[in-house]
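The structure appears below as structure tokens.
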Amino acid sequence: MSNLDTILEEARSHLKRLEPHEVLALEDVLVVDIRPAHNRLAEGEIENSVVVERIVLEWRLDPDGDWRLPGFTADTTVVVVCNEGWASSLAARDLQRVGLPNATDLVGGYRGWRAAGLPIREGGSPPVV
């Protein structure tokens, strides 16, 4: 087992990771897409998701921060999405540390969502900066 495997396992031990259909059923949810622009352009985006580049993720989602996005609270379920559900686990762990206890990620990432036939939109939305 590599060091990265150990780090990922530890991060996921604190997450209640969600399957695509579970996310679709949630009402108070903020889906955050951290994938690179080239992936979003080529493959699309989850309908109603917000694109936040990983480099500013904690600042935009700190529930008490001056730079936070509007429309969510510390109690909101925030679901982080990457391509396949690896980087999003680490990002969700970091969001929990910032003060979002319900932060988690999507099992299978965007590609799992798309494979499940769930709603998507054309990719290329500008990220929140």
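Once the Cβ-Cβ distance of Met1 and Glu47 is raised to the sixth power relative to R0 = 41 Å, the FRET efficiency obtained is 0.65. Under a Gaussian network description of the chain, with springs only between Cα atoms under 10 Å, the residue in Asp66, Asp33, Asp105 that fluctuates furthest is Asp66.
Working from label points 7 Å from Cα in the Cα-to-Cβ sense, the His21 to Ala37 distance is 3.7 nm. For segment 35-129, relative contact order (Cα pairs under 8 Å, six or more residues apart, normalised by length) works out to 40 percent. Loop-resident GluC sites (Glu not before Pro) (DSSP state other than H, G, I, E or B) in segment 52-129 with no more than 16 further Cβ atoms inside 10 Å of their Cβ: Glu53, Glu84, Glu122.
About its Cα centre, the dipole of the chain is roughly 220 debye, where the only charges are +1 on Lys and Arg Cβ and -1 on Asp and Glu Cβ.
Extent of the chain along its three principal axes (Cα atoms, max minus min coordinate, largest first): 40, 32, 28 Å.
GNM on the chain, alpha-carbon springs under 10 angstrom: the most fluctuating residue among Arg12, Arg68, Arg40 is Arg68.
Here, each number is a calculation from the coordinates, and none is a lab measurement. Please read all numbers here as calculations on a predicted model, not as lab measurements. Because the Cβ atoms are built from the backbone with ideal geometry, glycine has one as well, and the counts that use them run over all protein chains shown.
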